[in-house]
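Novice: Questions regarding the structure given below will be posed in turn.
The values are calculated or read from the model by the stated rules, or taken from the named source; none is laboratory data. Since this is a predicted model, take the numbers as computed values, not measurements. With ideal geometry, Cβ positions are generated from the backbone for all residues, glycine too; neighbour counts draw on all protein chains shown.
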Amino acid sequence: MSATSEYLAEGPRVGIRPFTLEDGAEFTARVRESKALHQPWLFPPATPTAYTSYAGRLIDDPTKAGFFVCEKDGGGIAGFVNINNIVEGAFQCGALGYGAFAHAAGRGLMSEGLGLVVRYAFDRLGLHRLEINVQPDNAASIALARSCGFRLEGFSPEFLFIDGAWRDHERWALTADRVRT
């Protein structure tokens, strides 16, 4: 991507844009390159068929929104942030899931990208609250949540079924009135 006007929001080094079906080849290649970084925490789709199904749900389901975090220098996908379980009405909440790709890990790109998605969710989607559920031993994911101002709210035993077992998670949250500018 060369035209930054296609970004929904941008910072100094990254822009965010929606998932598209056309991004499958790059996304799945990055997933395969990043297997050691992601597992045992995350299992994003690594085949074209799995990607098409995954991206289709993010594109077509109004209770989900998927964003690529792209490096402005070259436009490559550095990672992704999804807002799942978007509930409107009195709740105005969504649950975030995210992953960096190995080539971008540790460079601050996901922190910048997650911050852009958070602001987009509060400003453009009108949400009031965002939640992140993180396995307690996933230090990198907890550091990312903390860097964007999320606060620890509690502990959920056996919360999500991941890699063949029910895993405990910490609950992190951020409300629109607490966003760092």
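Novice: List the number of the failed condition for Ala140; all other conditions in (1) modelled with pLDDT under 95; (2) at positive phi hold.
Specialist: Condition not satisfied by Ala140: (2).
Novice: Write out, first by first residue and then by second, each pair whose Cβ atoms fall under 7 Å of each other, whose residues are 6+ apart or on separate chains, and whose first residue, in region 91-102, is at positive phi while the second is crowded, with 19+ Cβ neighbours inside 10 Å.
Specialist: So the pair list comes out as Gln92/Leu127.
Novice: Can I ask one more? Can you name the number of the only condition in (1) surrounded by 22 or more Cβ atoms within 10 Å (Cβ to Cβ); (2) outside any strand (DSSP E or B); (3) of a type outside the set (D, E, K, R) that Leu130 fails?
Specialist: Going through (1) surrounded by 22 or more Cβ atoms within 10 Å (Cβ to Cβ); (2) outside any strand (DSSP E or B); (3) of a type outside the set (D, E, K, R) one by one, Leu130 breaks only (2).
Novice: Separate question: Quick check on region 107-126. Is at least one of its residues crowded, with 19+ Cβ neighbours inside 10 Å, in a loop (DSSP other than H, G, I, E, B), at pLDDT 95 or above and not small (Gly, Ala, Ser)?
Specialist: Among the residues of region 107-126, not one is crowded, with 19+ Cβ neighbours inside 10 Å, in a loop (DSSP other than H, G, I, E, B), at pLDDT 95 or above and not small (Gly, Ala, Ser), which makes the answer no.
Novice: Give region 73-93 a look and list any residue that's among the charged types (D, E, K, R) and either at pLDDT 95 or above or under 23 Å from Leu174 (Cα atoms) (or both), or say none.
Specialist: Glu88
Novice: I would also like to ask the following. Looking at region 37-80 only, could you name the residues that are on the phi > 0 side of the Ramachandran plot and exposed (fewer than 13 other Cβ atoms within 10 Å of the Cβ)?
Specialist: Answer for region 37-80, where residues must be on the phi > 0 side of the Ramachandran plot and exposed (fewer than 13 other Cβ atoms within 10 Å of the Cβ): just Gly74.
Novice: Please specify each residue of region 3-36 satisfying the condition of being in a helix (DSSP H, G or I), surrounded by 18 or more Cβ atoms within 10 Å (Cβ to Cβ) and polar (S, T, N, Q).
Specialist: Of all residues in region 3-36, those in a helix (DSSP H, G or I) come to 4-6, 21-33, 35-36.
Still in the running and surrounded by 18 or more Cβ atoms within 10 Å (Cβ to Cβ): 23-24, 27-28, 30-31.
Result: Thr28, single match.
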